[in-house]
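Written below as structure tokens is the structure these notes are about.
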Ligand code: GRG
């Protein structure tokens, strides 16, 4: 499936904002080159696009949502650099180019990830952002919880511990809800927070319902692509899950079962959006379609 037409201009605006923040918060050094290398060259920008599309549902402009969107993408970029390290998934290829530790070295890659993580929070705490102090604090708290030891980092730890072991589908789902799902949920929550308008408890619950289904659908599709796609298309090593002896949705449900799961999750996404009756969720629906039909 081709990306929705609003992706390309949004991606361009996100890339420009990422570059601007990298210029602002890092000085000329190998470290800053490595951060830039990992952030700027490639990536679908799904998470910042979700932040902005959610903000738009609640009446906020792209410009207003951009700082929150950029902070989320910086956390994502840091996680990919660290995930590829020899001590973790030990990958040579990411976004069609050598991983950060291959292009530079391990120490620089560790520091580039650390730098991007800190930069995300430094950005969100900037006094000039167009958000109220209370909203800023909520954003920082959401992002820290999602990416830290109650979220993505815990999911990664469970994933590493599970290598070579058989895990049941519920445990797999729990691991992915932490490792991939929490940051996707934070991307969407930060979008709603950046709008400053009142979001009702029902709307928050429906957004979370959408995020949970989308995060899992993203992951199941990732597992499917690891089997049916190829290294050139993916821009990362195809078959990496099998090589690391990881339990995946296709390994537990079969390819057809995994595809059924993706289809069911897409319906859950759409159902949650339909209940957000007074909001224009058309872009979020298009993103969900893209996530489950993407080829990379
Ligand atoms: C090292 C703390 C730490 C966490 C790593 C997110 C993560 C946790 C690892 C990434 C490994 C992986 C392949 C997970 C599957 C889902 C996923 C996050 C894929 C990569 O995200 P995309 O497809 O990547 O959005 P692009 O390159 O398009 O930004």
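Just so you know, all these numbers are worked out from the coordinates, no wet-lab data involved. Nothing here was measured: the structure is a model prediction, and the numbers come from that model. Please note: Cβ atoms are built from the backbone with ideal geometry, for glycine as well, and neighbour counts cover all protein chains shown.
The table that follows gives values for the structure above.
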read-out: Residues 291, 153, 220, 242, sorted so that the one with the fewest Cβ neighbours within 10 Å comes first; value: 242, 153, 291, 220
read-out: Two-site label geometry, residue 132 and residue 296: point separation in nm, points 7 Å out along Cα→Cβ; value: 4.3
read-out: Inverse mean reciprocal Cα-Cα distance (Kirkwood Rh) of the range 146-192, Å; value: 10.8
read-out: Equivalent ellipsoid, the range 117-158 (semi-axes from 5 times Cα gyration tensor eigenvalues, Å); value: 24, 10, 5
read-out: Top of 278, 125, 194 by mean-square fluctuation, Gaussian network on the chain, Cα under 10 Å; value: 278
read-out: Least to most buried among 90, 84 (fewest other Cβ within 10 Å first); value: 90, 84
read-out: The chain: radius of gyration over Cα atoms, expressed as a fraction of 2.2 N^0.38 Å; value: 0.95
read-out: FRET E, pair residue 27, residue 97, Förster distance 30 Å, beta-carbon r, rounded to 0.05; value: 0.80
read-out: Distance histogram for the range 1-137 (every C-alpha pair counted, 5 angstrom bins, percent rounded to whole numbers); value: 2, 10, 20, 22, 18, 14, 9, 5, 1
read-out: Relative exposure of 203, 56, 168, 127, judged by other C-beta atoms within 10 Å (fewest first); value: 127, 168, 203, 56
read-out: For the range 74-141 versus the range 1-61, the gap between their alpha-carbon centres in whole angstrom; value: 13
read-out: Paired Rg and Dmax values of the range 85-209, which use every Cα atom, in angstrom; value: 17.3, 49
read-out: Cα convex hull of the range 254-296 - mean projected area over all directions, nm²; value: 3.1
read-out: q = 0.19, 0.23, 0.28 Å⁻¹, the range 71-134: log10 I(q)/I(0) [Debye, one scatterer per Cα]; value: -0.68, -0.87, -1.15
read-out: Förster-model FRET efficiency, 51 Å R0, residue 87 and residue 208, C-beta, rounded to 0.05; value: 0.95
read-out: Extension reserve of the residue 145-residue 61 stretch, reckoned as 0.36 nm per residue once the Cα distance is removed; value: 27.7 nm
read-out: Estimated 222 nm signal from helices in the chain, with DSSP H stretches of n ≥ 4 weighted -39500 (n - 2.57), rounded to 500; value: -22500 deg cm²/dmol
read-out: Efficiency of FRET from Cβ geometry, residue 230 and residue 2, R₀ 22 Å, rounded to 0.05; value: 0.70
read-out: Inter-probe distance in nm under a simple model that places probes 7 Å from Cα toward Cβ, at residue 252 and residue 154; value: 1.8
read-out: Cα-derived Rg over Rh, computed across the range 185-237 with Rh taken as Kirkwood radius; value: 1.20
read-out: Column: log10 I(q)/I(0), Debye, Cα scatterers of the range 204-296, q = 0.10, 0.13, 0.21 Å⁻¹; value: -0.29, -0.47, -0.96
